[in-house]
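Written below as structure tokens is the structure these notes are about.
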Amino acid sequence: MTDPNNSSNNSTLRSWLKVPANSDFPIQNIPFGICSTEGHHPRPCTRIGNHVIDLEALSDADLLNDLGIDNAVFSAPTLNPLMKHGKAGIRQLRQRIMELFRSDNGFLQERTTLVEKVVLPKDQVSMHLPVQVGDYTDFYSSREHATNVGTMFRGAENALMPNWLHLPVGYHGRASSIVVSGTAIQRPMGQMRPNPEEPPVFGPSKQLDIELETAFITFEGRPLGERIDVDEAEDFIFGMVLFNDWSARDIQAWEYVPLGPFLGKSFGSSMSPWIVTMDALEPFRTKGPAQDPTPLPYLRHSGEHSFDITLEAALIPNNAEETVICRTNFKHLYWSMAQQLAHHTVNGCNVRAGDVMASGTISGPTPESFGSLLELSWRGTKPLTLKDGSERKFLEDGDTVVIRGHCERDGLRIGFGEVRGEILPAR
Ligand code: MN
């Protein structure tokens, strides 16, 4: 699997920029995001350690102009134009950035005036949503999550629906309410039916929840009517982010029959600002769970198509100490991203650069690895005790949730940073 053209596989590479120990962003990562500084418009950037690297400034210095990438993409307010260059273009760009910042290359390092323009301290930039999201699809690919939720609502015998082991179940979500990490989330108002013997009521959701997920961002896919084969699907994936798919369980439970999730989901989803490329994640490939029954041929792939990504969620009550409420791993997911994308396009549906495909809640096999409060508190029957002594079945106003994720193997750590959001009272 080691690709000699992928410098992310070289764990000995070091940067002349200082990288703190245990940073998610060594020179092997080179993720992509959109940043702005005071008085200057949002533009593409990358990150090494706690330094944000302004790609517009690198481009203005003619250091990116021989890559066959149109310079205008480095001044764009989203990564979508850059992503039109596909996997090969992004790989070349990452290689160039690594070259400029590797410790044995003095070229940029010695040009201190230029370095001041290019290298920005993290606390002086604002991060924005990295892509303009055209479409958002949410899968449901954790067997443990689907089994837990199915057990709660239908009993252990009928926990998994008959289709679940045959196809990656998903639904079309709402793209307009995807927000970048740090954006506050307002508790939604809605219709629910807390007492099945009584008529429905209207009010603020009382069962506001998190969903610990990752998402992948697509490159431009094939034209409408053409499918993406499972074996080529990974070439159409730009990279991954952390994703909190906030959910109002009481609204969801009442509205979802028969067409699926709607207003209980569409009030907000939070995304981490740095898109970590598939090239950077390559060293952390691993096998997913064995699939039995064998999927239909269009979903069949051999080799390793999962990734060993350690994930955690923490809850921080109003200005209090944080409590880690979940520790899980991406590798537990039953359906791979390649299978999700092959399934998504098997009917000829076209995907576009900047589409977001979320994993679904990532629960593991043990109770502390459940990726939602619905499961952690078992539908409110087992409240969690936080470090400040307070209890939670679901989220309260003023609660902040942080999801973090990273990979680590043979001394190389590649991470995502975090996705964070605070709950504001309903309006
Ligand atoms: Mn979800």
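The values are calculated or read from the model by the stated rules, or taken from the named source; none is laboratory data. All figures in this text were calculated on a predicted structure; none of them were measured in a lab. Neighbour counts run over all protein chains shown; Cβ positions are idealised from the backbone, glycine included. In case anyone asks, the SASA skips ligands and DNA or RNA and just uses the protein heavy atoms, side chains included. Shrake-Rupley method; radii C 1.70, N 1.55, O 1.52, S 1.80 Å.
Among the residues in region 147-154, are any more than 13 Å from the ligand (Cβ to nearest atom), open to solvent by less than 30 Å² (accessible area, probe 1.4 Å) and within 15 Å of E211 (Cα to Cα)?
Residues of region 147-154 that are more than 13 Å from the ligand (Cβ to nearest atom), as a first pass: 147-148, 150-154.
Checking the rest, the ones that are also open to solvent by less than 30 Å² (accessible area, probe 1.4 Å) come to 148, 150, 152.
Remaining after also requiring within 15 Å of E211 (Cα to Cα): 148.
Yes.
Conditions first: (1) in a strand (DSSP E or B); (2) open to solvent by less than 50 Å² (accessible area, probe 1.4 Å); (3) out of contact with any Gly (no Cβ under 8 Å at 6 or more places or on another chain); (4) touching a residue at least 60 places away in the same chain (Cβ under 8 Å). C349 passes all but one, so which condition is the exception?
Result: C349 fails condition (1) only.
Select from region 119-136 the residues that are in a loop (DSSP other than H, G, I, E, B) and either charged (D, E, K, R) or loosely packed, with under 14 Cβ neighbours inside 10 Å (or both) and list them in ascending order.
Keep residues of region 119-136 that are in a loop (DSSP other than H, G, I, E, B), which gives 125, 129-135.
Within region 119-136, D135 is the sole residue that qualifies.
Looking only at region 361-405, count every residue that is free of Cβ contacts under 8 Å to residues at least 40 places away in the same chain, surrounded by fewer than 18 Cβ atoms within 10 Å (Cβ to Cβ) and not in a strand (DSSP E or B) and tell me the total.
Going through region 361-405 one residue at a time, the tally reaches 6.
Residue by residue, here is whether (1) modelled with pLDDT under 95; (2) touching a Leu at 6+ places or on another chain (Cβ under 7 Å) holds:
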{"position": "L79", "(1), (2)": "no, no"}
{"position": "M127", "(1), (2)": "no, no"}
{"position": "V131", "(1), (2)": "no, yes"}
{"position": "F153", "(1), (2)": "yes, no"}
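Within region 312-342, work out how many residues are open to solvent by less than 40 Å² (accessible area, probe 1.4 Å) and touching a Phe, Trp or Tyr at 6+ places or on another chain (Cβ under 8 Å). Before the answer, list the steps.
Initially, region 312-342 is screened for residues open to solvent by less than 40 Å² (accessible area, probe 1.4 Å), giving 313-317, 320, 323, 325-326, 328-330, 333-342.
Filter again for touching a Phe, Trp or Tyr at 6+ places or on another chain (Cβ under 8 Å), leaving 326, 328, 330, 335, 337, 340-342.
Total meeting the criteria: 8.
Please determine, by comparing only the residues of region 328-346 that are more than 13 Å from the chain's Cα centre (by Cα) and within 16 Å of the ligand (Cβ to nearest atom), which one is farthest from A313 (Cα to Cα).
Ranking the candidates gives H344 first.
So C349 ticks every box in (1) among the hydrophobic types (A, V, I, L, M, F, W, C); (2) in contact with a His (Cβ under 8 Å, 6 or more places away or on another chain); (3) away from the ligand (no atom under 16 Å from the Cβ) but one. Which box is left unticked?
Unmet condition: (2).
From D250, D231, grab the single residue that is at negative phi and assigned to a loop (DSSP other than H, G, I, E, B). I'd like the intermediate steps shown before the answer.
Details: D250 fails: assigned to a loop (DSSP other than H, G, I, E, B).
Only one candidate passes the filter, namely D231.
Residues are listed down the side, and each one gets a yes or a no for (1) modelled with pLDDT of 95 or more; (2) surrounded by 18 or more Cβ atoms within 10 Å (Cβ to Cβ):
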site: E110; (1), (2): yes, no
site: K117; (1), (2): yes, no
site: D138; (1), (2): yes, yes
site: R143; (1), (2): yes, yes
site: N158; (1), (2): no, no
site: H172; (1), (2): yes, no
site: M189; (1), (2): yes, no
site: M192; (1), (2): yes, yes
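Give the residues of region 275-296 that are surrounded by fewer than 21 Cβ atoms within 10 Å (Cβ to Cβ) and of a type in the set (D, E), sorted by residue number.
Of everything in region 275-296, those that are surrounded by fewer than 21 Cβ atoms within 10 Å (Cβ to Cβ) and of a type in the set (D, E) turn out to be E282, D292.
Please find, among L315, L296, L281, L311, the residue that is within 16 Å of the ligand (Cβ to nearest atom), at pLDDT 95 or above and not small (G, A, S). Reasoning before the result, please.
Numbers: L315 fails: within 16 Å of the ligand (Cβ to nearest atom); L296 fails: within 16 Å of the ligand (Cβ to nearest atom); L281 fails: within 16 Å of the ligand (Cβ to nearest atom).
Checking each option against the conditions leaves just L311.
Residue under question is A290, and the condition is that it be part of a helix (DSSP H, G or I) and either under 14 Å from the mean Cα position of the chain (by Cα) or modelled with pLDDT of 95 or more (or both); does it hold?
Values: part of a helix (DSSP H, G or I): no; either under 14 Å from the mean Cα position of the chain (by Cα) or modelled with pLDDT of 95 or more (or both): yes.
No: the conditions fail for A290.
For region 244-261, give me each residue that is within 13 Å of the ligand (Cβ to nearest atom) and either in contact with a helix residue (DSSP H, G or I) (Cβ under 8 Å, 6 or more places away or on another chain) or modelled with pLDDT of 95 or more (or both).
Pass one, region 244-261, residues within 13 Å of the ligand (Cβ to nearest atom): 244-249, 252, 256, 260-261.
If the condition is that a residue be within 13 Å of the ligand (Cβ to nearest atom) and either in contact with a helix residue (DSSP H, G or I) (Cβ under 8 Å, 6 or more places away or on another chain) or modelled with pLDDT of 95 or more (or both), then N244, D245, W246, S247, A248, R249, Q252, P261 are the ones that fit.
Give me the residue from region 232-259 that is more than 22 Å from the chain's Cα centre (by Cα) and not aromatic (F, W, Y) and, out of that set, least open to solvent (accessible area, probe 1.4 Å).
Only one residue tops the list, namely I251.
Could you please let me know if S272 is within 16 Å of the ligand (Cβ to nearest atom), modelled with pLDDT of 95 or more, within 20 Å of G360 (Cβ to Cβ) and open to solvent by less than 20 Å² (accessible area, probe 1.4 Å)?
Working: within 16 Å of the ligand (Cβ to nearest atom): yes; modelled with pLDDT of 95 or more: yes; within 20 Å of G360 (Cβ to Cβ): yes; open to solvent by less than 20 Å² (accessible area, probe 1.4 Å): yes.
Answer is yes for this residue.
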